[in-house]
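Visitor: Right, I'll just put the structure down here and ask away after.
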Amino acid sequence: MNVNDFDFELPEELIAQTPLLDRTSSRLMTLNKETGDIHHAHFSDIVDYLETGDTLVLNDTKVMPARLYGVKQETGAKVEMLLLKQLEGNDWEVLIKPAKRVQVGTVVSFGEGKLQADCKELLPQGGRIMTLKYTGILQERLEEMGEMPLPPYIKEQLKDQSRYQTVYAKAMGSAAAPTAGLHFTEALLEKIAAKGVNITYITLHVGLGTFRPVSVDNIEEHDMHSEYYEMSQQTADVLNQTRKKGGRIITVGTTSTRTLETIASLHDDFIETSGWTDIFIYPGYEFKGIDAMITNFHLPKSTLMMLISSLASRERVLNAYAEAVKERYRFFSFGDAMFIY
């Protein structure tokens, strides 16, 4: 398949730059994956589309305030560093700007030396492997001096950093938020649970590869990024019981979807497990772990467009997106939501 098969016209003014005051007041489009039927609602109505015995799977990853501004120890030249993922020990894969300033052996200092990063290895496209040295607890140092790494299409500063976190975020480690979950409040989750819907959690730490454009014409040649995931025994038990009793497994976001599909592809049942996934889901893929999905509206020609097109068919998804543009839905991380069922 060609990457242009997943393109669509999107007016720039429909790219949401700021989150709504009330998380649940965003709009909700529902798409029947079998018939293509579309309905319009508000996200607070999602409870009406869920059924007793369903299980909602949420990604409890927490976004790190991972964008740091420092100086080269030797020259004082300014350097911007974005933490992407932890490797072994205190070694991290990072993005550096300007990359030419940081070579192997360069030391970058942040917060007057409270955090230092020594360059260990050069990677393509401004990537580096840096060894971090710091006083106290790394999470505290990041919260003290780091900024939230908003996606490149968001041009406005975020006044409230917590609005780029889900209300259930717990496991620190992501460079980007699992944005489908931003629509939920604790009150809405309580309402969903009161209806007899199971709510359970996985962890997938989102990397910036999620925003990386597909640079090949033939999508099958795309090299998918790798992300770390975990599933607990408790979650595995809930999912297996849901399957056994005939309930639907509904993922919140593409990150939860990729995690469940990775595990379902490797095992007969859901199990307690962890690892790295580079699963690439595009049309022709047969889903093994999920029945439905809540997601945001995605970038043209992105791997996320390809994933949802494999669930509801490319034609139905592109038709739904044309309807969303016509009805002035808000797109991307701070935008509106879609329920594909």
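The values are calculated or read from the model by the stated rules, or taken from the named source; none is laboratory data. Everything numeric here is computed off the predicted structure, so don't read it as measured data. Cβ coordinates were reconstructed from backbone atoms using ideal geometry, including for glycine residues, and neighbour counts include every protein chain displayed. Just the protein is used for accessible areas: all its heavy atoms, side chains included, with ligands, DNA and RNA removed. Shrake-Rupley method; radii C 1.70, N 1.55, O 1.52, S 1.80 Å.
Visitor: Once you charge only the Cβ atoms, +1 for Lys and Arg and -1 for Asp and Glu, what is the size of the charge dipole of the stretch 67-147 about its Cα centre, to the nearest 20 debye?
Guide: Value, rounded to 20: 320 debye.
Visitor: Given Cα pairs under 8 Å that are at least 6 residues apart, what percent is the relative contact order of the stretch 67-147?
Guide: Taking the mean separation of contacting Cα pairs over the length of the stretch 67-147, I get 27 percent.
Visitor: Given the -39500 (n - 2.57) contribution per DSSP H run of 4+ residues, what per-residue ellipticity at 222 nm results for the chain, rounded to the nearest 500 deg cm²/dmol?
Guide: Calculated at 222 nm, the ellipticity per residue is -6000 deg cm²/dmol.
Visitor: Shifting gears a bit: Which value, in Å³ per residue, describes the convex hull spanned by the Cα atoms of the stretch 1-80?
Guide: In the stretch 1-80, the Cα convex hull volume per residue is 268 Å³.
Visitor: Next up: Taking the Cα centre of the chain as origin and charging only Cβ (+1 Lys, Arg; -1 Asp, Glu), how large is the dipole, in debye to the nearest 20?
Guide: 760
Visitor: Ok, one more. Please turn the phi angles of the stretch 79-90 into ³J(HN,Hα) values with the Karplus equation 6.51 cos²θ - 1.76 cosθ + 1.60 (θ = phi - 60°), one per residue in order, whole Hz, x for glycine and proline.
Guide: Result, rounded to whole Hz: 9, 9, 10, 10, 6, 9, 7, 7, 9, 9, x, 9.
Visitor: Less than 14 Å apart at the alpha-carbon level, and either on another chain or at least 8 residues along: which aspartates and glutamates does that give for K120?
Guide: Partners found: E88, D91, E93.
Visitor: Please give the helix 233-245 orientation as an angle from the longest Cα principal axis of the chain, in degrees from 0 to 90, rounded to the nearest 10.
Guide: The answer is roughly 20 degrees.
Visitor: For the chain, what is the accessible area per residue in Å² when the probe is 1.4 Å?
Guide: Normalised by residue count, the accessible surface of the chain is 45 Å².
Visitor: Compute the angle between helix 303-312 and the longest alpha-carbon principal axis of the chain, please, reported from 0 to 90 degrees and rounded to the nearest 10.
Guide: 10
Visitor: I'd like to know which of G127, S109, L50 lies farthest towards the positive end of the charge dipole of the stretch 5-163, counting +1 on Cβ of Lys and Arg and -1 on Cβ of Asp and Glu.
Guide: Of the listed residues, the answer is S109.
Visitor: To continue, here is another question. Quick one: what are the phi-derived ³J(HN,Hα) couplings along the stretch 314-323, Karplus 6.51/-1.76/1.60 with θ = phi - 60°, whole Hz, x for glycine and proline?
Guide: Listing the rounded values in order: 4, 4, 5, 5, 5, 5, 5, 5, 4, 5 Hz.
Visitor: Measure off, as a whole percent, the carbon and sulfur share of the 1.4 Å-probe accessible area of the stretch 67-147, all protein chains present.
Guide: Answer for the stretch 67-147: carbon and sulfur cover 48 percent of the accessible area.
Visitor: Also: Which of the GluC sites (Glu not before Pro) found in the stretch 1-82 are loop residues per DSSP with 14 or fewer other Cβ atoms within 10 Å of their Cβ?
Guide: For GluC sites (Glu not before Pro) across the stretch 1-82 that sit outside H, G, I, E and B with at most 14 neighbouring Cβ atoms in 10 Å, the list reads E9, E34, E51, E74.
Visitor: If you don't mind, there's one more thing I want to ask. Hey, any idea what Rg/Rh is for the stretch 67-147, computing Rh the Kirkwood way over Cα pairs?
Guide: Here the Rg-to-Rh quotient is 0.92.
Visitor: D for the stretch 80-199, whole µm²/s, Stokes-Einstein with Kirkwood Rh over alpha-carbon pairs at 25 °C and 0.890 mPa s: what number?
Guide: 148
Visitor: Dipole magnitude of the stretch 130-194 about its Cα centre, charges +1 at Lys/Arg Cβ and -1 at Asp/Glu Cβ only, in debye to the nearest 20?
Guide: Using only the charged Cβ atoms, the result is roughly 140 debye.
Visitor: Provide the descending list of Cα extents for the stretch 245-341 along its principal axes, expressed in whole angstroms.
Guide: Principal axes ranked by extent give 43, 30, 26 Å for the Cα atoms.
Visitor: Measuring from centroid to centroid over Cα atoms, what is the spacing of the stretch 305-327 and the stretch 107-134 in Å?
Guide: For the stretch 305-327 versus the stretch 107-134, the Cα centre distance is 41 Å.
Visitor: Moving on to the next point. Which three numbers, in whole Å and largest first, are the semi-axes of the equivalent ellipsoid of the chain derived from its Cα gyration tensor as √(5λ)?
Guide: Working from the Cα gyration tensor, I get semi-axes of 34, 22, 20 Å.
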